[in-house]
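Before any comments, here is the structure.
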Amino acid sequence: MQVVTKKEMYAIDRNAMELGLTGEMLMENAGQAVARKLYDELTYDDRITIIIGKGNNGGDGFVIARMLKSKGYKLDVWLSVEKEAVTGDAEKAMHVYEHSGFQMRLLNEENLNAFKVSLAVSTVIIDSLLGIGMKGKLRSPFKEIITLVNRQKHVKRLAIDLPSGLPADGGKVDDAIRADKTFAIHLPKVGAFMYPSREYYGELDVVDIGIPPIINKKSVEKRFVWMPDDVIRTFPKRNPSSHKSSHGKGLIVAGSKTMSGAAIMAARAALRSGSGLLTVAMPEEARLPIANQVIEAMYAPCPSHEGEFAGTLPVQLNFDAIAVGPGIGRGEGSRRIVETLLKAEAPLLIDADALFHLAKMKDQLKSRKYPTVLTPHEGEMARLLGLPIEEVANNRFYFSKQFALEYGVHLVLKGPFTICTTPAGEQYINPTGNAALAKGGSGDVLTGIILALMMQQKSLQEAISNAVFVHGKTADNLISNKHSSVDVIASDVIESLPIVYKSIANRSL
């Protein structure tokens with residue numbers, strides 16, 4: 001499933017019209033398609049209020065209102081502006097609605113009390129007020145209308161395309177309808193996969209309005225949600241005649257005297273995710289606690305200084321993939337380890353403390369001849385870019401793509417709806433995961449999963465996207481069954497990975 005920006009959605013509309021689909025046809029298709037979805041949401045006992053704006057979103061609302069009234073639903077229709085302000089295709093939709101014999105009321109000062117009563121007795125409120133053109137702060141009367149709608153209790157709020165008040169591309173939110181469900185027209189907008197916007201969407205339901213897929217290819221950058229079907233389609237299948245070397249010879253450079261757990265979790269996750277042969281390089285002082293907890297791996301103790309790496313890595317780097325970062329610390333020795341590994345002739349995953357060091361040597365990424373994967377959270381990404389965290393958080397898609405393109409890396413920007421960006425700028429959004437993963441150790445587990453899968457799949461993009469999906473899906477399973485988002489710890493995720501891998505094997509995600 002593709003995801004679009006506001007600019008791209010406008011381009012889709014233009015290109016569809018050039019193909020012969022008029023704006024009037026698209027509006028009719030959208031309204032009818034949403035109405036058909038609503039038939040499953042509504043009952044004939046519902047008291048429904050629909051609030052309509054002057055733009056294309058309002059035009060969709062007129063079509064929806066006409067369809068619902070034609071079916072006999074009890075519906076109050078409120079127009080938020082004077083009729084003369086409704087223009088273009090929306091005006092045509094309003095004309096058809098009125099000439100079908102249906103009534104509406106103007107939401108003005110004179111009718112304000114009646115509008116409040118309509119809201120108060122409603123069981124369902126349909127928001128068709130503002131669309132993707134919304135920008136800046138809410139103006140009157142829209143801010144007051146949204147406040148009134150959000151005050152209603154014991155009511156289902158349904159939004160058309162996106163909740164009114166939200167910027168389509170995400171970012172700061174002044175105020176917006178807090179929907180229980182949003183019917184995204186044609187394709188979801190990027191704001192649906194960013195916070196705080198996502199908090200307003202409720203359940204997301206994408207509505208097909210008949211625009212041919214070729215229009216998407218022409219108008220939209222390669223930005224997709226990585227769905228369960230994608231995982232099942234691309235996940236590697238094991239050859240019955242394979243052996244341990246067939247599934248990857250990996251190295252994890254991790255841990256320190258005070259953070260041996262990071263290495264343990266990364267290693268155990270890699271082994272649980274199918275790594276054939278795994279070596280863990282750690283400072284000598286961390287060898288025993290790591291070796292006692294990860295008995296299936298091999299070990300490469302390294303010279304240490306004050307519990308961290310001293311700076312030398314006495315290991316031949318002939319591995320199928322290498323991961324560095326979890327728990328290595330921020331001392332000079334660890335920095336030298338990262339500098340050494342940037343020259344390694346193998347795919348390299350850089351995480352955690354290694355990203356801290358990378359911020360001062362990131363130009364070395366440009367000279368690497370082997371694939372590089374970075375897995376920052378927003379704070380680490382902000383450090384790499386030299387920007388405030390808030391700026392990164394409000395522009396996740398943009399900064400992910402720009403960094404991946406400039407430095408030629410696969411960039412995994414972690415967080416809700418983790419974004420996996422390729423060196424070519426293609427972006428894949430992960431739909432799995434929850435707040436249970438907002439704990440220490442979660443990133444170490446993900447590092448291990450990615451390392452294992454990148455050694456087993458030919459496509460690095462597919463390996464990374466699948467790893468992130470599996471990580472989040474495991475956490476989703478945990479809170480769906482015997483845990484809550486409060487009590488899940490990283491070790492729970494590792495021990496529950498087999499359930500997800502079994503589901504993938506059974507093609508039943």
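Tabulated results
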{"read-out": "Filter result (among the small types (Gly, Ala, Ser), at pLDDT below 85 and surrounded by 19 or more Cβ atoms within 10 Å (Cβ to Cβ)) within segment 242-256", "value": "Gly248"}
{"read-out": "Residue list for segment 425-446, filter: in contact (Cβ under 8 Å) with a residue 60 or more places away in the chain and either of a type in the set (A, V, I, L, M) or within 22 Å of Lys401 (Cβ to Cβ) (or both)", "value": "Gly425, Glu426, Gln427, Tyr428, Ile429, Asn430, Pro431, Gly443, Val445, Leu446"}
{"read-out": "Single match in Gly59, Gly72 (criterion: among the small types (Gly, Ala, Ser) and within 21 Å of Pro188 (Cα to Cα))", "value": "Gly59"}
{"read-out": "Strands (runs of 3 or more DSSP E) wholly inside segment 211-314 containing at least 3 residues that are over 21 Å from Ala344 (Cβ atoms)", "value": "223-225"}
{"read-out": "Residue, surrounded by the fewest Cβ atoms within 10 Å (Cβ to Cβ), within segment 385-406, restricted to residues that are touching an Asp or Glu at 6+ places or on another chain (Cβ under 8 Å) and either of a type in the set (Gly, Ala, Ser) or within 19 Å of His357 (Cα to Cα) (or both)", "value": "Ile389"}
{"read-out": "Any pair with Cβ under 9 angstrom, 6 or more apart, that starts in segment 86-98 at a residue that is among the β-branched types (Val, Ile, Thr) and ends at one that is not in a helix (DSSP H, G or I)", "value": "Val86/Ile52; Val86/Gly53; Val86/Lys54; Val86/Gly55; Val86/Leu79; Thr87/Lys54; Thr87/Gly55"}
{"read-out": "Residue count, segment 373-396 (criterion: more than 27 Å from Ala321 (Cβ to Cβ) and of a type outside the set (A, V, I, L, M))", "value": "6"}
{"read-out": "Index of the failed condition, Thr375 passing every other in (1) more than 22 Å from Ala475 (Cβ to Cβ); (2) at pLDDT 95 or above; (3) not aromatic (Phe, Trp, Tyr)", "value": "(1)"}
{"read-out": "Residues being crowded, with 16+ Cβ neighbours inside 10 Å and either under 16 Å from Thr279 (Cβ atoms) or within 30 Å of the chain's Cα centre (by Cα) (or both) - total across segment 318-339", "value": "13"}
{"read-out": "Condition met for Asn292 (closer than 22 Å to Glu495 by Cβ and out of contact with any Ser or Thr (no Cβ under 8 Å at 6 or more places or on another chain))", "value": "yes"}
{"read-out": "Of all residues making up segment 188-210, the number that are more than 12 Å from Ala16 (Cβ to Cβ) and assigned to a loop (DSSP other than H, G, I, E, B)", "value": "7"}
{"read-out": "The one condition in (1) within 22 Å of Arg178 (Cβ to Cβ); (2) in a loop (DSSP other than H, G, I, E, B); (3) touching a residue at least 24 places away in the same chain (Cβ under 8 Å) that Ser140 fails to fulfil", "value": "(3)"}
{"read-out": "Residue list for segment 110-139, filter: more than 18 Å from Ser197 (Cα to Cα) and under 32 Å from the mean Cα position of the chain (by Cα)", "value": "Thr123, Val124, Ile125, Ile126, Arg139"}
{"read-out": "Count of segment 145-160 residues which are in contact with a helix residue (DSSP H, G or I) (Cβ under 8 Å, 6 or more places away or on another chain) and over 14 Å from Thr123 (Cα atoms)", "value": "3"}
{"read-out": "Matching helices (runs of 4 or more DSSP H) fully within segment 336-440 where at least 2 residues are farther than 24 Å from Ala310 by Cα", "value": "378-385, 389-393, 396-407"}
{"read-out": "Some residue of segment 485-503 being modelled with pLDDT of 95 or more, aromatic (Phe, Trp, Tyr) and either closer than 18 Å to Met265 by Cβ or outside any helix (DSSP H, G or I) (or both)", "value": "yes"}
{"read-out": "Enumeration of residues in segment 332-370 that are charged (D, E, K, R) and over 17 Å from Gly443 (Cβ atoms)", "value": "Glu332, Arg335, Arg336, Glu339, Lys343, Glu345, Lys360, Lys362, Asp363, Lys366, Arg368, Lys369"}
{"read-out": "Residue, nearest to Thr147 (Cα to Cα), within segment 94-123, restricted to residues that are of a type in the set (A, V, I, L, M) and assigned to a helix (DSSP H, G or I)", "value": "Leu119"}
{"read-out": "Subset of segment 181-196 [over 22 Å from Gln32 (Cβ atoms) and touching a strand residue (DSSP E or B) at 6+ places or on another chain (Cβ under 9 Å)]", "value": "Val190, Ala192, Phe193"}
{"read-out": "Within segment 111-141, tally of residues that are farther than 21 Å from Val34 by Cα and modelled with pLDDT of 95 or more", "value": "11"}
{"read-out": "Condition check for Leu162: closer than 29 Å to Tyr10 by Cα, modelled with pLDDT of 95 or more, in the same structural domain as Asn57 (by TED's automatic domain parsing) and part of a strand (DSSP E or B)", "value": "no"}
{"read-out": "Looking only at segment 443-463, and only at residues there that are of a type outside the set (Asp, Glu) and more than 18 Å from Phe319 (Cα to Cα), the one that is surrounded by the fewest Cβ atoms within 10 Å (Cβ to Cβ)", "value": "Gln461"}
{"read-out": "Subset of segment 1-39 (residues that are in contact with a strand residue (DSSP E or B) (Cβ under 8 Å, 6 or more places away or on another chain), closer than 30 Å to Tyr428 by Cβ and part of a helix (DSSP H, G or I))", "value": "Lys6, Met9, Ile12, Ala30, Ala33, Val34, Lys37"}
{"read-out": "Cβ-Cβ under 6 Å pairs, at least 6 apart or on other chains, segment 286-312 side at positive phi and in the same structural domain as Ala262 (by TED's automatic domain parsing), far side surrounded by 17 or more Cβ atoms within 10 Å (Cβ to Cβ) and in a helix (DSSP H, G or I)", "value": "Gly307/Glu285; Gly311/Gly333"}
{"read-out": "Residue that is closer than 29 Å to Glu332 by Cα and touching a helix residue (DSSP H, G or I) at 6+ places or on another chain (Cβ under 9 Å), where the choices are Gly425, Gly441", "value": "Gly441"}
{"read-out": "Identity of the residue in segment 215-241, surrounded by 14 or more Cβ atoms within 10 Å (Cβ to Cβ) and of a type in the set (Ser, Thr, Tyr), that ends up farthest from Val468 (Cα to Cα)", "value": "Ser219"}
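The values are calculated or read from the model by the stated rules, or taken from the named source; none is laboratory data. Given the structure is predicted, the values throughout are model-derived calculations rather than measurements. Cβ sites come from the backbone with ideal geometry, for glycine too, and all protein chains shown count toward neighbours.
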